[in-house]
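Novice: Dumping the structure here so I can ask a few things about it.
The values are calculated or read from the model by the stated rules, or taken from the named source; none is laboratory data. The structure presented is a predicted model; accordingly, all values stated were derived computationally and were not measured. Ideal geometry is used to build each Cβ from the backbone, glycine not excepted, and the neighbour counts take in all protein chains shown.
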Amino acid sequence: MSDRFSYHCQAQCPETGARAGVFVTPHGIVETPRFMPVGTLANVKTLTPDQLQSTGAQMVLANTYHLHLQPGEQIVSGAGGLHQFMAWDSPILTDSGGFQVFSLSEMRSITEDGVTFRSPRDGSIIHLTPERSIAIQNALGADVIMAFDECPPYPATPEAVELATARTERWLKRCIDAHKNTEEQALFGIVQGGVYPELRAKAAQSLQALDLPGYAIGGVSVGEPPELIEKIVKATTPLLPENKPRYLMGVGTYREMAQAIAAGIDLFDCVIPTRLGRHGAAFVKGERWNLKNAKFREDYRPLDETCSCYTCQNFTRAYLCHLVRSQELLAYTLLSLHNVTELIRFTQHIRQAILEGRFATEFAPWLSSSA
């Protein structure tokens with residue numbers, strides 16, 4: 001690991017695998033555990049960088065695949081990299097594009113060399129390899145970059161998942177060889193293996209031997225039931241190095257995050273807070289509220305009186321209901337602002353509970369699968 005990256009564990013829960021730590025990057029620190037908002041196209045939808053800063057966000061994501069298609073990594077690089085391009089001076093992580101490519105099941109073909117697919121934007125043929133993914137991410141300039149992986153679907157046979165997991169490891173080694181900016185960008189490997197614990201364990205062991213700056217668990221939340229996600233995360237996380245950050249990709253509900261933190265996960269990302277905001281919904285005290293509902297039309301209380309976000313400090317449920325019903329764009333900004341704040345606040349509360357030795361008792365309701 002470059003001297004500019006480090007992970008330090010500050011406290012551990014004696015009853016679970018939960019831990020609180022600090023992940024240091026060239027653009028600042030990330031206090032873990034932490035939810036990371038998704039800014040697919042170099043913006044977290046509907047939010048300005050100032051608004052995003054107010055949510056407590058310390059690290060955000062951008063997507064290699066989407067930025068390669070539009071505007072192209074050359075334009076981002078010409079602007080000085082993602083941080084300058086999107087006016088965000090805190091840490092950024094870029095996904096490799098693997099998940100997006102493999103979700104295009106009708107539009108792509110996989111070989112050992114890489115993936116060929118038809119661009120959904122203009123129909124052009126694009127060939128993406130591990131080397132190309134890393135070159136794009138080097139040009140984008142994020143603090144953390146992800147290895148190009150093959151994300152098997154759910155359900156899939158053990159044989160199919162084993163082949164994809166083995167290819168992911170071979171591609172990772174090619175990514176390591178292709179990575180040209182190791183001082184400024186940390187390359188994380190991705191543990192695949194589907195819902196098969198033995199494949200996950202084998203992959204985690206192989207990746208740990210490569211001594212990478214960080215490790216991710218991928219290929220969850222792709223259609224499998226929540227109890228399987230919990231089982232895989234609980235079995236896989238303890239196999240990852242204790243002195244490196246651990247990232248669970250694509251997960252962002254209260255229960256999934258709490259359970260994953262209990263297993264030892266540090267970082268999360270998910271599009272759900274802004275996606276729900278754009279559909280008129282909000283996270284409030286562990287519940288999902290639809291602000292279109294008539295019961296909010298004359299409710300003049302804040303959305304959440306315990307929340308310090310701009311939305312809750314200035315507007316009522318009645319006003320938000322009005323905006324949503326009127327399809328006003330402000331509704332999507334105000335609800336996204338609250339939702340992102342809420343999920344970050346949830347992980348901040350967990351972090352504080354770990355530091356103070358309260359996690360296992362205080363968050364027990366979130367740790368059971370049936371609650």
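Novice: Are any of the residues in segment 292-306 assigned to a helix (DSSP H, G or I), closer than 30 Å to THR94 by Cα and of a type in the set (A, V, I, L, M)? Show your work before the answer.
Specialist: Of segment 292-306, the ones assigned to a helix (DSSP H, G or I) are 294-296.
Within this subset, residues satisfying the condition of being closer than 30 Å to THR94 by Cα are none.
Scanning segment 292-306, I find no residue that is assigned to a helix (DSSP H, G or I), closer than 30 Å to THR94 by Cα and of a type in the set (A, V, I, L, M), so the answer is no.
Novice: So which residues in segment 207-237 are at pLDDT 95 or above, surrounded by fewer than 18 Cβ atoms within 10 Å (Cβ to Cβ) and closer than 20 Å to GLY98 by Cα?
Specialist: none
Novice: Among the listed residues GLU224, GLU184, GLU230, GLU242, which satisfies the condition of being assigned to a loop (DSSP other than H, G, I, E, B), under 20 Å from PRO33 (Cβ atoms) and of a type in the set (Asp, Glu)? Spell out how you get there, then give the answer.
Specialist: Numbers: GLU224 fails: under 20 Å from PRO33 (Cβ atoms); GLU184 fails: under 20 Å from PRO33 (Cβ atoms); GLU230 fails: assigned to a loop (DSSP other than H, G, I, E, B).
None of the other options fit; the residue is GLU242.
Yes/no per residue for (1) of a type in the set (Gly, Ala, Ser); (2) part of a loop (DSSP other than H, G, I, E, B):
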{"site": "ILE265", "(1), (2)": "no, yes"}
{"site": "THR274", "(1), (2)": "no, no"}
{"site": "ALA331", "(1), (2)": "yes, no"}
{"site": "PRO365", "(1), (2)": "no, no"}
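Novice: Quick check: anything in segment 113-122 touching a Lys or Arg at 6+ places or on another chain (Cβ under 9 Å) and over 24 Å from PHE188 (Cα atoms)? Before the answer, list the steps.
Specialist: Here is the first cut: in segment 113-122, the residues touching a Lys or Arg at 6+ places or on another chain (Cβ under 9 Å) are 114-118.
If we keep only those that are over 24 Å from PHE188 (Cα atoms) as well, we get 117-118.
Yes - at least one qualifying residue is present in segment 113-122.
Novice: Still on this structure: May I ask you to verify whether ASP89 is of a type in the set (Asp, Glu), touching a helix residue (DSSP H, G or I) at 6+ places or on another chain (Cβ under 7 Å) and under 18 Å from GLY218 (Cα atoms)?
Specialist: Working: of a type in the set (Asp, Glu): yes; touching a helix residue (DSSP H, G or I) at 6+ places or on another chain (Cβ under 7 Å): yes; under 18 Å from GLY218 (Cα atoms): no.
The answer is no for ASP89.
Novice: Could you give every pair whose Cβ atoms fall below 6 Å, whose first residue belongs to segment 296-321 and is touching a residue at least 12 places away in the same chain (Cβ under 8 Å) and farther than 14 Å from SER336 by Cα, and whose second residue is hydroxyl-bearing (Ser, Thr, Tyr) and outside any loop (DSSP other than H, G, I, E, B), counting only separations of at least 6 or pairs across chains?
Specialist: Close Cβ pairs (under 6 Å, with a partner that is hydroxyl-bearing (Ser, Thr, Tyr) and outside any loop (DSSP other than H, G, I, E, B)) amount to TYR300/THR316.
Novice: Are there strands (runs of 3 or more DSSP E) fully within segment 39-144 with at least 1 residues that are crowded, with 20+ Cβ neighbours inside 10 Å? List them.
Specialist: Working: elements: 60-63, 92-95, 108-110, 115-118, 125-128.
It comes to 60-63, 92-95, 115-118, 125-128.
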